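Notes follow once the structure below has been shown.
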Amino acid sequence: MTPNGAIAFGLLVIAAAIAARDLVSLAVVLALLTVFALASRRSIVSALLWSAGIMLPLAAFMALVWVGIVGRAPHEIAAGTEGSRAAAAAYVTVVCTRLFVIALAVQALFLHFAAWTPLGFVRALTAPPVARKLLVLTLSLIETILHAVDRARTALIAGGIVTRQFSWRNLRHGWILVQTVWLIVVVIAIGRTRDKWPIEATLSRLDTALGASAPRLAAADIGWGAAGLACLIAAIGLR
Amino acid sequence: MFTTPRLVAIALCAALNFAIGNVVYLVKLPIYLDSIGTILCALLIFPDRIAAICCAFIAGLIGVILSGLVINPFLPWFTFSVLAIALVSALLTARATDTFRAQPLVPLPFFGKVILYGVITGIVSAVVSAPVVVYLFGGVTGSGSAFLVAFFLKTGEQLLNAAVLAGLTTEPIDKTLQVLVAALLYRATPREFIAMLRPAQPAT
Amino acid sequence: MGEFIAGPSFSGRSAALMERLKVLAPAFFVGPYAEGALSGLSSTVADEIAIYRAPARVHTEFAPLDFAAFAARKPPTLSGGEQVLLALHCFSLSDYGVIGIDTALEQLDPANRDRALAYLSQGDFTAALIDNRLDRPPGWSTQECSGGPAFACDLAAATRDLKPRAAPAIAIENLSFNYPGGRDIFRNASVSLEPAQTYRLIGPNGAGKTTLFKLLAGVLAPASGTIALNGARYAPWREGNRIFALAAQNPDHQWCGATLGEDVARRRRALARYDEITVPGQATLAALAALLGVGSLDQHLYELPLVARKRLSWLWPLSGALPWIMLDEPTIGQDRTMRAALAGAISRLAALGHGVVFITHDDEFAATIAHRALRVADGTVT
């Protein structure tokens, strides 16, 4: 499956989840996702756990608000009727299941490409050259920022300003950490933009590395795309 | 419009959005702080307004897409909020760049403008985000504002109105905090970097 | 062929190098410090190599490390020396005919530094080099740079008014530490550090020299083991650092503010919490900073030249406020005169009673300071 196909499939599946109005249609989408995850031979367990991990606190919150406090579903509020907690619970279940399916779709697709290098992934993506360059640059800078966070922490701890342990003083000084990280990264960026890139023409080297031909769409993309489309149609049809 | 330094600024601000937003999300604070990079990008590229809008929006967009992949899959749905924040930042907040960089810091104009533009950004963000909160999340996003939504629902408000009202209560605070951090980071940014972001001069 | 650009600090060598490279462009460039070595366009080592690899081999390959084993690693997580070696490896796989290096070789350990210099000297490409530890390498043409306003730095004056002081003895017992998911860095390591002594940590890259600094400063917490100051338990990872003044290898990794004034104020406030520390006054520190080349507290730290930032990173170590000093590669980017002055300052600090620990790959510099060598390797410190 190519990144292009994956994005198309993902969008179709998520659109189907949004269009789905009840648990039956959501189950259809979930089934398709499960088949996809199994077929990609990555661990579906981690995708499920991650999605559940995102959703459970949210679900608990929603249940507390809608079932516990409000006590009726939105359509009952709109109609001005008395409503019931059962209706509220049904509403929460559908919303949470939909969110779970969306989270699972994103994770399953993300994991599908886990073995690819970021450059390889962006190379296979069909997008304007500026967009691809920007994506590569951002991914690289994220690593730089994460590393700068470690450096900045060392600086602040060695300077006696914060300690390793969590403390309220550390929280007050969180701003200094953010400022230091930003400055470290900006200075690195200035050095590259002013010196290294112009002399090396590094960015055109990146263009060459990204330009190496890759298939836009593979057979798998067509297959999964069709399945995604069918799922969307089913979700709309079942409304 | 997209000179190399500007691409770097976009990427830096997108990466900043990603890094700060994710830390805050993981710590589960009742604030988001995921648009500091968007606001900062607009400040950096001002006074070229069109470029500031575009670059800030792209920085915000990349930030939510990447965050969506790794941490919070629901963020990309707030793309219109990202656009709204980029517009407000480039057209309004960026007018205060001279105040933000004034040495020494003059508290009244500095914090006054931070609060003014933060509140405006928050109001706009709340109004634009409410439909997504309602249709995707059923009004409850897992932040403290959910209880406000419940309160407004209890008083008989329709869901969309309740979400807007709840948003108007919490977003201005969150966005003011973000404008503050962005202004302080802008203030600390080395001159050389800001100078690099000027529009490319035509070759003479 | 090799082109060596010589001259003291601030004589315009970096500018001369850039001018030369512009004439010869496109040229591969390795800037000072690790951050100047890599492209900034890759998220993995494999991608970094892929960006530079040319379809057909033009140069002999330079591969002092097994980069295939590093393929999935993220470039910023490599050590400074490893990043420089990776950059040279990428050059050797590329089709650039010219390479320019601005002091980056100073971070390499002696063996890798010799390998790198031998590779650059071989002659089938043009190499333009700035290096403070070389003096007209044989077989290289030399361009002399001279003059230019300097950030005048007077270390003798900076240390003249320091008072003698007592520093605690440090006893490390059975220290064990490993990075999550990594091998053991320290396994029941024990060592004693006496005050009024100078120690040099030596050992291969990745052995744990900087890790030991971080443990002592409380940045990292050991898995087991204790540190004692004059016999009393000391746990900086819980209590904070009030003993060590650290000068980091890259000066940008130790500032706590955007301007010098901000940095100084924050540190003074932090240290004022401890009764046993006499915090130097703002004016004293400003005067010390002036002697190190920075005349105003309003100076934006990151707008200073890199060499000046490195000198300013010695501010707190030279202030005498804290009893122990840790210097991580203090001589990078500094010319011969400054290295000699720094050696003198270190000796003076030790004579006054401070304890000093430094890391350097520069054997010549180390030889000018009376010190005890501590070997960090295989999980122990001996």
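Does the range A:99-220 come out rounded, prolate or oblate, given a ≥ b ≥ c as the square roots of the eigenvalues of its C-alpha gyration tensor, rounded meaning a/c under 1.5 and, failing that, prolate meaning a/b above b/c? Oblate is the answer for the range A:99-220, as a/c is 1.5 or above yet b/c matches or exceeds a/b. Remark: relative contact order (the range A:127-211) = 32 percent; criterion is Cα-Cα distance under 8 angstrom and separation of 6 or more residues. Counting only Cα atoms, the range C:1-57 measures 38, 25, 16 Å along its principal axes, largest extent leading. With respect to chain A, whose longest principal axis is taken over its alpha-carbon atoms, helix A:174-191 is tilted by about 60°. The HN-Hα couplings worked out from phi for the range C:348-354 by the Karplus form 6.51 cos²θ - 1.76 cosθ + 1.60 (θ = phi - 60°) are 5, 4, 5, 4, 7, x, 5 Hz, whole numbers, x standing for Gly and Pro.
Counting Cα-Cα pairs of the range C:307-382 in 5 Å increments starting at 0 gives whole-percent bin shares of 3, 14, 27, 26, 18, 9, 4, 0. In terms of its C-alpha gyration tensor, chain B has a prolate overall shape, because the principal axis ratio a/c (a ≥ b ≥ c, square roots of the eigenvalues) is not below 1.5 and a/b outweighs b/c. Taking θ as phi - 60° and the Karplus parameters 6.51, -1.76 and 1.60, the scalar couplings of the range C:253-263 work out to 9, 9, 6, 10, x, 8, 10, 4, x, 4, 4 Hz in sequence order, x denoting glycine and proline.
Of interest is the spacing of the C-alpha centroids, which for the range C:30-97 and the range A:109-182 amounts to 20 Å. Divide the volume of the convex hull around the Cα atoms of the range B:124-164 by the residue count and you get 56 Å³ per residue.
With all pairs of different C-alpha atoms in the average, the Kirkwood value for the hydrodynamic radius of the range A:1-71 is 14.1 Å. Equivalent ellipsoid of the range C:2-144: semi-axes from √(5λ) of the C-alpha gyration tensor, largest first, are 24, 16, 14 Å. When the Gaussian network model of chain A links Cα atoms closer than 10 Å, the mean-square fluctuations of A:Gln165, A:Gln107, A:Gln179 top out at A:Gln165. Remark on the range A:42-89: ratio of C-alpha radius of gyration to 2.2 N^0.38 Å is 1.57.
Taking the Cα atoms of the range C:107-205, the ratio Rg/Rh between the radius of gyration and the Kirkwood radius comes to 1.12. Projecting the Cα atoms of A:Thr97, A:Leu125, C:Pro330 onto the charge dipole of the protein assembly as shown (Cβ charges, centred on the Cα centre) puts A:Thr97 farthest toward the positive pole. Based on C-alpha pairs under 8 angstrom that are at least 6 apart in sequence, the range B:4-196 has a relative contact order of 23 percent.
What fraction of the Cα pairs in chain A, stated in percent, has a spacing above 25 angstrom? Everything past 25 Å amounts to 62 percent.
Angle, helix C:110-121 long axis vs. longest principal axis of chain C, Cα atoms, 0 to 90°, nearest 10? The answer is roughly 20 degrees. Ranked for footprinting exposure by Cβ neighbours inside 10 Å, fewest first, C:Lys209, C:Lys214, C:Lys22 give C:Lys22, C:Lys214, C:Lys209.
Between C:Thr380 and C:Arg57, the distance separating the two model label sites (each 7 Å from Cα on the Cα→Cβ line) works out to 4.2 nm. Is the range C:26-87 best put as rounded, prolate or oblate by its Cα gyration tensor, with a ≥ b ≥ c the root eigenvalues, rounded for a/c under 1.5, and otherwise prolate when a/b is larger than b/c, oblate when not? In terms of gyration-tensor shape, rounded. Ranked by how many other Cβ atoms sit within 10 Å of their own Cβ, fewest first, the residues B:Cys55, B:Cys13, A:Cys96 fall in the order A:Cys96, B:Cys55, B:Cys13. Highest GNM mean-square fluctuation among B:Pro104, B:Pro76, B:Pro190, for chain B modelled with Cα contacts below 10 Å: B:Pro104. By the count of other C-beta atoms within 10 Å, a proxy for reagent exposure, C:Trp237, A:Trp116 are ordered fewest to most as A:Trp116, C:Trp237. For the range B:18-78, the extents of the C-alpha atoms along the principal axes are 36, 19, 15 Å, listed from largest to smallest.
Amide H to amide H, with H built 1.01 Å from N, C:Val381 comes under 5 Å of C:Ser190, counting only residues 5 or more places away or on other chains.
With contacts taken as Cα pairs under 8 Å and at least 6 residues apart, chain A reaches a relative contact order of 40 percent. Sorted largest first, the spans of the alpha carbon positions of the protein assembly as shown along the three principal axes are 88, 65, 60 Å.
Phi angles across the range C:87-98 convert, under the Karplus curve 6.51 cos²θ - 1.76 cosθ + 1.60 with θ = phi - 60°, into 3J(HN,Hα) values of 4, 5, 4, 4, 4, 5, 8, 8, 10, 5, x, 9 Hz, Gly and Pro given as x. Of all aspartates and glutamates in the structure, the ones whose alpha carbon falls short of 17 Å from that of C:Lys310, not counting any fewer than 8 places away in one chain, are C:Glu35, C:Asp102, C:Glu106, C:Asp131, C:Asp154, C:Asp252, C:Asp263, C:Asp328, C:Glu329, C:Asp335, C:Asp362.
Chain C has equivalent-ellipsoid semi-axes of 36, 26, 18 Å, by the square roots of 5 times the alpha carbon gyration tensor eigenvalues, sorted largest first.
The lysines whose alpha-carbon is closer than 16 Å to the alpha-carbon of B:Lys175, local same-chain residues fewer than 8 away aside, are B:Lys113. Treating cross-link reach as a plain straight distance, find the lysines whose alpha-carbon is under 26 Å from the alpha-carbon of A:Lys133, omitting any fewer than eight places away in the same chain. Leaving aside lysines fewer than 8 places away in the same chain, those within reach of A:Lys133 are A:Lys196, C:Lys22, C:Lys74.
Scanning residues 5 or more positions from C:Phe358 or on other chains, those with amide H under 5 Å from its amide H are C:Tyr199, C:Arg200, C:Leu201, C:Leu327, with H placed 1.01 Å from N in the peptide plane.
Laboratory data are not the source of any read-out in this text; all were calculated from the coordinates shown. Note that this is a predicted model, so its numbers are computed, not measured. Don't worry about glycine lacking a Cβ; one is built from the backbone with ideal geometry, like all the others, and counts go over all protein chains shown.
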